[in-house]
Amino acid sequence: MLYALHEAAYYASSPLREAARVARDFWGSPLNPAANTDFGRRIHAGADLFTNVTRRYGKPAWNIDTIKVGQVDVRVRPTVVWESPWARVIQFDRDMADMRRAGKFSLDPAVLIVAPLSGHYATLLRGTVEAFLPDHAVFIVDWVNAREVSMLEGRFDFHDYIDHIIQMLAVLGPRPNVVAVCQPGPPVLAAAALMAEDNHPSRPASMTFMGSPIDARLSPTVTNNLAEEKPFAWFQSNMIYTVPPPYVGVGRRVYPGFVQLASFMSMNKAKHQEAHRRYFGHLVSGDGDSADKHLEFYDEYLSVLDLTEEFYLQTIDIVFQQHLLPKGELMHRGRLVRPDLITDIGLMTVEGENDDISGIGQTQAAHGLTPNLPDDMKTDYVQPGVGHYGVFNGRRFREEILRRRGPDAM
């Protein structure tokens with residue numbers, strides 16, 4: 001019912017949104033002699049703010065057309081190399097002629113970046129992709145919005161996720177690298193353990209976990225405490241809703257992206273309110289650069305996708321309530337997942353000093369789960385002064401974290 005009410009509210013506000021759009025264009029037009037008055041700028045700013053707060057945010061574009069390799073501009077083209085109804089693997093193909101001009105004559109190592117399936121689109125990792133591209137053949141997992149998947153395609157759960165990771169790594173060829181950002185940590189570690197046990201030719205050469213809840217019992221955050229304090233039935237009753245028409249996935253039970261977004265924003269409500277107040281002020285004062293930066297951030301932040309009921313609830317149960325992987329009790333398709341069998345996959349863990357999503361120690365737990373991996377194949381790093389987002393994006397990620405590559409890692 002909540003999903004249907006959410007859609008009804010969106011369409012009911014359409015006349016107001018259209019009126020605000022017209023007012024924004026009128027009071028922002030250079031042909032309007034009153035546009036540059038204080039009154040005109042305030043009307044324009046208010047109408048613009050209302051339009052952006054109430055509009056629908058679709059999946060953002062990647063907008064990675066070129067990268068710098070040294071002093072050379074290298075053209076980049078996204079190409080889908082594998083797909084299922086639930087995900088695509090996108091390769092960011094670099095133009096080889098441009099790469100040769102940049103002095104790159106040998107093949108770079110392949111890296112699969114596993115984006116989180118936890119509300120936001122994979123484009124949230126745009127900066128991560130750009131940072132890896134000069135020295136890697138970069139592939140990323142681009143998850144599909146569950147409301148866009150027909151009921152005819154069946155279910156997608158935690159174990160399907162693990163199977164997807166194994167299939168994706170196999171597509172990349174022998175011994176690729178894998179980087180798991182946040183949520184994917186446990187299923188990626190499980191996939192690596194299963195592939196190691198099978199001596200799979202495409203088992204990772206290295207695995208990097210960034211702000212991942214490998215063991216959510218350690219340094220619990222507000223998010224972890226909520227998952228533990230509420231009974232499993234509470235999540236079933238309060239977080240799962242049915243996709244309404246006209247979406248392709250009509251009838252599918254999901255954890256809606258807008259519910260997750262409301263949770264995200266409520267954690268830092270005052271911060272978001274202040275950001276929008278500053279945006280209003282930038283528009284009134286004519287500070288277009290600052291206003292554009294605000295829009296760039298929120299265009300990404302407010303774009304969310306739905307998760308299937310079964311994947312979301314199993315993640316709550318397996319990762320945040322029963323802690324099956326770190327306790328050595330995770331079963332996959334009748335097999336016990338044994339990270340202790342990993343002996344030749346480099347391991348790097350990265351955490352942020354101020355991470356309020358995955359506390360310090362949760363990602364480091366991967367080291368304790370791989371006792372038979374030699375110490376010289378392990379690296380752990382805690383980045384000072386960054387929160388969760390700063391672990392995988394931004395200046396400190398590019399300048400400090402990415403440079404700290406452990407043996408065979410990243």
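The values are calculated or read from the model by the stated rules, or taken from the named source; none is laboratory data. Note that this is a predicted model, so its numbers are computed, not measured. Neighbour counts run over all protein chains shown; Cβ positions are idealised from the backbone, glycine included.
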>> Among the residues that make up the range 46-59, is at least one of them outside any helix (DSSP H, G or I), within 30 Å of Met96 (Cα to Cα) and not aromatic (Phe, Trp, Tyr)?
In response: yes
> For residues in the range 100-112 being within 26 Å of the chain's Cα centre (by Cα) and part of a loop (DSSP other than H, G, I, E, B), which is farthest from Arg252 (Cα to Cα)?
Replying inline: Asp108
> Of the conditions (1) assigned to a loop (DSSP other than H, G, I, E, B); (2) surrounded by 15 or more Cβ atoms within 10 Å (Cβ to Cβ); (3) not charged (D, E, K, R), Pro245 fails just one. Which one is it?
Replying inline: (2)
> Residues in the range 34-43 that are surrounded by 14 or more Cβ atoms within 10 Å (Cβ to Cβ) and either at pLDDT below 90 or polar (S, T, N, Q) (or both): how many?
Replying inline: 3
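Are any residues in the range 336-355 more than 13 Å from Met195 (Cα to Cα) and either assigned to a loop (DSSP other than H, G, I, E, B) or not assigned by TED's automatic domain parsing to the domain that holds Val222 (or both), and if so, which ones?
Taking the range 336-355 first, the residues more than 13 Å from Met195 (Cα to Cα) are 346-355.
Those that are more than 13 Å from Met195 (Cα to Cα) and either assigned to a loop (DSSP other than H, G, I, E, B) or not assigned by TED's automatic domain parsing to the domain that holds Val222 (or both): Glu353, Asn354, Asp355.
Matching residues to (1) among the charged types (D, E, K, R); (2) in contact with a helix residue (DSSP H, G or I) (Cβ under 9 Å, 6 or more places away or on another chain):
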position: Leu283; (1), (2): no, yes
position: Asp287; (1), (2): yes, yes
position: Leu324; (1), (2): no, yes
position: Glu329; (1), (2): yes, no
position: Leu336; (1), (2): no, no
position: Leu347; (1), (2): no, yes
>> Within the range 122-231, considering only helices (runs of 4 or more DSSP H) that don't extend past its boundaries, which have at least 3 residues that are farther than 20 Å from Gly387 by Cα and among the small types (Gly, Ala, Ser)?
In response: 185-197
> So which residues in the range 195-237 are among the hydroxyl-bearing types (Ser, Thr, Tyr) and under 17 Å from Pro116 (Cβ atoms), if there are any at all?
Replying inline: Thr208, Ser212, Thr221, Thr223
> Would you say Ser202 is in the same structural domain as Arg335 (by TED's automatic domain parsing), under 30 Å from Pro339 (Cα atoms), in contact with a Gly (Cβ under 7 Å, 6 or more places away or on another chain) and free of Cβ contacts under 8 Å to residues at least 40 places away in the same chain?
Replying inline: yes
>> I'm trying to understand the selection: among the residues of the range 67-99, which are part of a strand (DSSP E or B), touching an Asp or Glu at 6+ places or on another chain (Cβ under 6 Å) and loosely packed, with under 15 Cβ neighbours inside 10 Å?
In response: Arg75, Arg77, Thr79
> Taking the range 255-280 only, how many residues are part of a helix (DSSP H, G or I) and in contact (Cβ under 8 Å) with a residue 40 or more places away in the chain?
Replying inline: 10
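Tally the residues that are in a loop (DSSP other than H, G, I, E, B) and over 30 Å from Glu148 (Cα atoms), restricting the search to the range 281-304.
So the answer is 2.
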